[in-house]
Amino acid sequence: MLKNSLAISGIELIRKIHLNIPNQSGIYKMLDITGQIIYIGKAKNLKQRLYSYSLKTHNPRTYAMVQNIYKIEWVITNSEYDALLLESSLIKQIQPKYNILLKDDRQFPFIKIETDHPFPRILVYKSKQATPTKNIFGPFASTYYVKENIKLLQQIFQLRTCTDSFFNNREKPCILYQIKRCSAPCVKKIKTKDYTLSINQAMSFLKGNNLKVKEDLINTMKQASKQQDFERAIILRERIKLLQNNHHKQSIILQNQSDADFIALMEYNGQFIYNIFMFRYGYNHGSVNFIIPIPLQDNLEEALRAFLIQFYNKREIPKNIYTNIALKDSEILQDVKGYLNNKSGKRINIKTPNSTLSKNIMEIVIHNTLELIKQQEQVTNKWVGNFQALAELFKIKNPITRIELYDNSHLYGTFPLGAMVCATPAGFSKKDYRTFYVKNENIQPNDDYAILAETLIRRFNKLTPENTPQLIFIDGGKGQLSTAKSIATQLNLTDIKIIAIGKGPNRNAGEETLYLNNKETINLPRYSATLHFIQMLRNEVHRFAITSLRKRKLKSLTTSELSHIAGIGVKRKKDLLTYFGSIENIRNATITELTQVKGVSVALATKIFNWFH
């Protein structure tokens, strides 16, 4: 790969360096005057693509970006596909402000049946490396859908969900046996061969073979009746009824047990709304949505291209992907297909619905997307109204576009931290949440003023025109307010309104006192909508502070727990946590699964397994 750069400014920059830009494939980086990368793109022909930015036919957002260009860098690649891979990698790493960024990297859960036990159990399974296998089924859109399916499997096939340690120490059946959701193999209430049959039927069910499972159960029921084993026949009859009821509940079933994602993309209020319905083995595995701010272009095809590449980067890719936006641009379609085909090792179909069934499903997805937009609109109107009410209450002349809230927390004198949450007229902006772990070793964990001062100094030192709040709420009273105002004064931040939220004499909700300064306070009526909004904001920063504290404590426990195992060093810890995703998954892993991690031998896997069991 070759690299080159020139430093001139504006649209004139592109025209002046036009002759120096190669007619080859590659990626380009646009930088502003501060040296920050604001956009990364890829091109089949760098010269043609970059010159197009010098034309005055762009939408306002693209034009604004071009006006901010101070420097352009490019990297030549061997092929257009190499450029696509490099572009994807750099966007994820650098996260430029004008690129579409899918920051939500949630892991979709699976159902796992552990087959290395005489009586396998069924469980929720999450791992970054998880893909469908002979005993792992999914993915599902959320844990809710997994738990609902596991509940159904318990009712129909009466499979165990308990851990091996719980299983090995039972002397009598647990309550799940009493409510007919487990066959109690722990106390030998079922034979191994019968339980194995139930496991095989459950796996067949999860693969979408409902009719075959139903036929097998009917045949077994008839056989039990002939042998006058009426008790077993009744049990089987109930299972058949549950299967039939579940089949009727599934309003949509894809033919040929196919895997498919249906994706609807719409634009609303400066945001791209993506709604995805997931089908595996022909059955609906739930829906999930993503809301992404529009950073640059209004081109829906380009927005869909960016989403598909980022969404499937580390996720299982179904054979068929249906979209409501047709990828008519051959270059975009080629980009996405090439990326997904190489990623999955199979041919992926990306198309708009072409059959009656697929069109009906897409109509449902679009309807759900419109409902989501309607909900967004209602929430936005409510937030905008509350922001206006706060501006009037605190006599802030300009419209409030950003509110920040601060709280401190510690765990019995350990892990002290400051937490900050951010709210905008569109709702909570979770990408702007921050935790500030105390760096000054001389600060005592219960010194709220010192922790608040360090938190605010570190935050205020990173203020920019784009991320400066008009209003700040501090959880506390006069002391916290005085500390915050002192820091703001030192840094000459006189335009930021700072309010402290005191809990009132009895610390009851509805009795809060709002401190504007040492003498001026406001007590809103208990049922005031504005007070309820302030309480909601305060509760969110409480929640975030406590959650951050728990995560830090858990991380500490996780690291120390693995450290106790002989043969586990820093690299091995990282490899184990990267592969399994959490200490809980390592704890639940079998010896065979542990050996799948690079560098973990059978002997070491046995040590790890024995440590947790």
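Annotations for the structure displayed:
- Gap separating the Cα centres of region 407-443 and region 357-372, nearest whole Å: 40 Å
- Cα gyration tensor category, rounded, prolate or oblate, for region 403-552 with a/c compared to 1.5: rounded
- Full-stretch length increase - Lys188, His367 - with 0.36 nm per residue and alpha-carbon distance subtracted: 59.4 nm
- Extended-chain gain in nm, criterion 0.36 nm per residue less alpha-carbon gap, Lys478 and Ser54: 147.1 nm
- Summing Cβ point charges (Lys, Arg +1; Asp, Glu -1) relative to the Cα centre of the chain gives a dipole of roughly 1460 debye.
- Tilt relative to the chain, helix 143-157 - C-alpha long axis, 0 to 90 degrees, to 10: 10 degrees
- Amide H to amide H distances under 5 Å link Thr77 with Ser25, Gly26, Ile27, where only residues 5 or more positions off or on other chains count and H is placed in the peptide plane.
- Formal net charge of residues neighbouring Phe394 (Cβ-Cβ distance under 11 Å; K, R +1; D, E -1): +1
- The phi-based Karplus calculation (6.51 cos²θ - 1.76 cosθ + 1.60; θ = phi - 60°) puts the 3J(HN,Hα) values of region 188-203 at 6, 7, 9, 6, 4, 5, 6, 5, 4, 4, 5, 4, 4, 5, 5, 5 Hz, whole numbers, x for Gly and Pro.
- Taking every C-alpha pair closer than 8 Å and separated by at least 6 residues, the mean separation divided by the residue count of region 225-368 gives a relative contact order of 22 percent.
- Restraint check, Lys134/Lys346; Lys97/Lys351; Lys343/Lys430, Cα-Cα greater than 26 Å: Lys97/Lys351; Lys343/Lys430
- Helix 356-393 axis, angle to the chain major axis (alpha carbon atoms, nearest 10°): 40 degrees
- Computed from Cα positions, the angle between helix 230-249 and the longest principal axis of the chain comes to roughly 30 degrees.
- Sites listed here are trypsin sites (Lys or Arg not before Pro) in region 370-479 whose DSSP assignment is loop and whose Cβ has at most 15 other Cβ atoms within 10 Å: Lys395, Lys397, Lys439, Lys462.
- Sequence-distant residues sharing a close amide H with Thr513 (under 5 Å, placed H): Gly502, Lys503, Gly504
- Qualifying aspartates and glutamates (Cα of each under 19 Å from Cα of Lys551; at least 8 residues distant if same chain): Asp104, Asp105, Asp407, Asp432, Glu540, Glu561, Glu584
- By definition, a body whose alpha carbon gyration tensor gives a ≥ b ≥ c is oblate when a/c is 1.5 or more and a/b is not larger than b/c, and region 110-249 fits this oblate description.
- Residues Ile472, Ile150 arranged by fewest to most Cβ contacts within 10 Å: Ile150, Ile472
- The phi torsions of region 171-181, fed into the Karplus equation with coefficients 6.51, -1.76 and 1.60 and a -60° offset, translate into couplings of 10, 9, x, 7, 5, 4, 5, 5, 9, 6, 10 Hz, rounded to whole numbers, with Gly and Pro shown as x.
- Mean sequence separation of contacting Cα pairs (under 8 Å, at least six apart), scaled by the length of region 110-249, corresponds to a relative contact order of 19 percent.
- For region 24-74 and region 590-613, distance of Cα centres in Å: 50 Å
- Shape class of the chain from the alpha-carbon gyration tensor: oblate, with a/c at 1.5 or above and b/c at least as large as a/b.
- In this rough spin-label picture, where each label sits 7 Å from Cα along the Cβ direction, the Arg61-Asn610 distance is 5.9 nm.
- Taking the Cα centre of region 110-249 as origin and assigning +1 to Lys and Arg Cβ atoms and -1 to Asp and Glu Cβ atoms, the resulting dipole is close to 140 debye.
Throughout, read-outs are computed from the coordinates displayed, never taken from laboratory work. Just so it is clear, the model here is predicted, and its values are computed rather than measured. For neighbour counting, all protein chains shown are included, and Cβ atoms are generated from backbone atoms with ideal geometry for every residue, glycine included.
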